[in-house]
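See below for the structure under consideration.
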Amino acid sequence: MKKNLIRIALGLALALVFFGHSAKVYQIALLNTLDAFIYDTRLRLTTKGGVDERIVILDIDEKSLAEVGRWPWSRDTMATLVAKLFDNYKIALLGFDVVFAEPDKSSGLSSLESIAGGVLKNDLAFQSALKGLRGELDFDRRFAESLHNRPVVLGFYFTNLDRVNRNGALPAPVLSAGTFRGRNVDLTSWSGFGGNLPEFQSNAVNAGHFNPIVDFDGTSRRVPMLAEHDGQYYEALSLAMVRVLLGKPSIIPGYPDSGPKSGLEWLDLPADKGVLRIPVDENGASLIPYRGPQGSFNYLSASDALNGRLKHEQLAGKIVLLGTTAPGLMDLRVTPVGNTYPGVEIHANLVAGMLDADIKQKPSYVLGADIVQLSLCTLALALLLPILSPLRATLLAAGMLLVAAGLNFYLWTSGLVMPLATVISAILALYALNMSWGYFVETRSKRQFAELFGQYVPPELVDEMARDPERYSMEGKNAELTVLFSDVRGFTSISEGLDPKELTQLMNAYLGAMTRVVQKNRGTLDKYIGDAIMAFWGAPVADADHAWHAVSTALEMQAELRTLDEPFRARGWPALRIGIGINSGTMTVGDMGSQVRKSYTVMGDAVNLASRLEGLTKQYGVGILVSDATKTLVKNMVYREVDRVRVKGKDEPVGIFEPLGTAEQIDKAVQDELKLWNQALRLYRQQDWDQAELQLYNLSRMSPGRDLYQVYAKRITHYRASPPGDDWDGVMTFETK
């Protein structure tokens, strides 16, 4: 435990960061965003779905605007609509998600009144006619009369604009000033409002505001059931409608205990069949119980109702909300179930949720529960993760995540909303901290070993070695490996034709490209020797396919070199040609050198032979030569046998081959040429000079630029003049390196 004190302390410090957010000492925007995302996801996963037949939305839609005219419609039209809804269709309740704030002058009555008081003041006939028309032309009065003694709930809005607007009339407050004095209640407060004309308000049975609370991300998730204005308290449109349905009972605020500092948690509406309880949060707001996406309630066109085109049963006994979905009337909102959701359907969801007692709760004790949950989880993780193995630590963190998420979802389905983002983020952060600590600190000795080895082997193998450093040692040992040498042809003349800066740039480009090919094929880059490259395979990381990787590397190096031709030509540099020699065999590999400088390298006769083969590529005019030992290890490759040679320093002859690619990569033309070459080589070794020369002539016509055929043609000319004798074994001896 003592060695883990720093780790535990860091874990506890990290836990305190999340604790401060959960306790609302400060707020972390990312966690709020994550919590909002989780809330919306849970809501979408658990919506009821289907259509609630009790509530109908009478829609001022595009069709209605086209038939009746642009909004607002004349009050005469609205009076006719209200009369038809109650008298013809027998609806139960009508709520307006619109405001009637301005007088209707569309009838021309005001103009006639002005004339009557002016030029026709003494015209008795005009005055008499106007008196008879006044009742028909006073559209506002007609609309007010249509509201009288009918269950109609008007809508109004609050505002907090810099310039205080107070238009129209407000309904009587539902709770008087001082109701929450001394209580820990923080209701949403507004300074201004837009209400209906006084004569409308006085004739309607009730009215409520239709302001949702727009969260930090622009989404509407709550509506304040009670809102404060000038010390008085006003109800939401949905609550006003439900109260009318219940006979307009008084609102009784509910508190979890009798203490003076207790916060508001519900509103009670006494009714004949008991008390209807509406959960609210610390702001007096209720979570909107979205039933589903738009269309969870029946939408009927307002013009169809106005013109009597609806069936009686479509509206009879229904709760009707008049609102709009027309885009130009600006009542579309962002919600968890849709980004262009009609505001009127928000009120429909709340009315349905209150009637069904289906509004989720977010009481004040949720804050304490979240803090307790967070404390238990983070304390356990901070103490246990440092002493557990990575596997057990992962299982513990995963188990806590599952328990926290499962409990949260269970409470959600039971009607209780608990935050989840903080505890999940804390668990993941503590897990990440401990895993990072384990990697960066506790494996420091392993990484130091890998970094030391990294001086001698390429980085891509260091990671593999670091996973199990005990398996690797820099001490010398014998092992079967494959070594590769490459060299640039004519480098001396190239270097003489370029200034030092250009030569440096050319070599950096060339060596960089070749090195990438070596590393891609798991090779250990031994060293650069001027323009030459030395690499080997099979150590320090064992590689059963070391010969295959080496031969593949050689072929890819030649292909990569051709991709450099165009950019080199563009810069005025010569195209490069290289020779590559490869050999496999037992070599000594290890950390070799002096106290001044060491290198992880390979030595032995097998290494020397690879170097000799690289030199022989010039003699035969080929790009790659591999020994028969390498060819034996790489059987799934097509080769051109080049010769059997005896190199300087070795008595035993060696077969040398040019790899051409896999069988799938070799086309028929190359295969035919290869068959002809094998015949020519056999005739050459049989000293059948004429037939061999004829075959070489045919081969030269097939591939005019192949130097190998010219090499053998010159040998035949030499051997005709100086026959090698009957005991000739066909081996070519080279006395130089």
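Structure notes:
- Total charge dipole magnitude, the range 52-355, about the Cα centre, Cβ charges on Lys, Arg, Asp, Glu only, Debye to nearest 20: 460 debye
- Modelled spin labels at residue 577 and residue 679, positioned 7 Å past Cα toward Cβ, are 2.8 nm from each other.
- The range 647-703 - Kirkwood radius from inverse mean 1/r over Cα pairs (Å): 13.2 Å
- Once the C-beta distance of residue 636 and residue 598 is scaled by a Förster radius of 51 Å, the resulting FRET efficiency is 0.85 to the nearest 0.05.
- Principal axis analysis of the Cα atoms in the range 527-585 yields extents of 42, 22, 18 Å, listed in decreasing size.
- Here the ratio of the Cα radius of gyration of the range 157-227 to 2.2 N^0.38 Å is 1.24.
- Taking other C-beta atoms within 10 angstrom as a stand-in for reagent exposure, 220, 703, 22, 722 fall in the order 722, 703, 220, 22, fewest first.
- Around the Cα centre of the chain, unit charges on the Cβ atoms of Lys, Arg, Asp and Glu (plus for the first two, minus for the last two) sum to a dipole of about 820 debye.
- Both radii come from the Cα set of the range 473-666: Rg as radius of gyration, Rh as Kirkwood radius; their ratio Rg/Rh reads 0.97.
- Taking the helices alone, the chain has a mean residue ellipticity at 222 nm of -13500 deg cm²/dmol, built from -39,500 (n - 2.57) per DSSP H run of at least 4 residues and averaged over all its residues.
- In Å, descending, principal axis extents of the Cα set of the range 52-355: 73, 42, 41
- Net charge over other residues, Cβ less than 13 angstrom from the Cβ of residue 661 (K, R count +1; D, E count -1): -3
- Expressed as a whole percent, the proportion of Cα-Cα pairs in the chain lying more than 48 Å apart is 54%.
- Computed about its Cα centre, the charge dipole of the range 275-374 is approximately 200 debye, with only Lys, Arg, Asp and Glu carrying charge at their Cβ.
- Acute angle (nearest 10 degrees) that the helix 390-413 long axis makes with the longest principal axis of the chain, alpha-carbon atoms: 20 degrees
- Options 594, 301, 633, ranked by Cα towards positive dipole end of the chain, top entry (Cβ charges): 594
- Figure legend: label point modelled 7 angstrom from the Cα of residue 718 along Cα→Cβ; residues of the range 605-644 with amide N under 14 Å from it are 619-621, 644.
- Bridges between two residues of the range 52-355, per DSSP, are antiparallel at a rate of about 50%.
- Counted charge near residue 327, where neighbours are those whose Cβ lies closer than 12 Å (Asp, Glu -1; Lys, Arg +1): -3
- Beta bridges per DSSP with both ends in the chain, % antiparallel, nearest 5: 65 percent
- For the chain, the longest principal axis of the C-alpha atoms and the axis of helix 421-437 are separated by about 20°.
- Residue 388/residue 12 FRET efficiency (R0 22 Å; Cβ-Cβ; nearest 0.05): 0.85
Laboratory data are not the source of any read-out in this text; all were calculated from the coordinates shown. Because the structure is predicted, anything quoted here is derived from the model rather than measured. With ideal geometry, Cβ positions are generated from the backbone for all residues, glycine too; neighbour counts draw on all protein chains shown.
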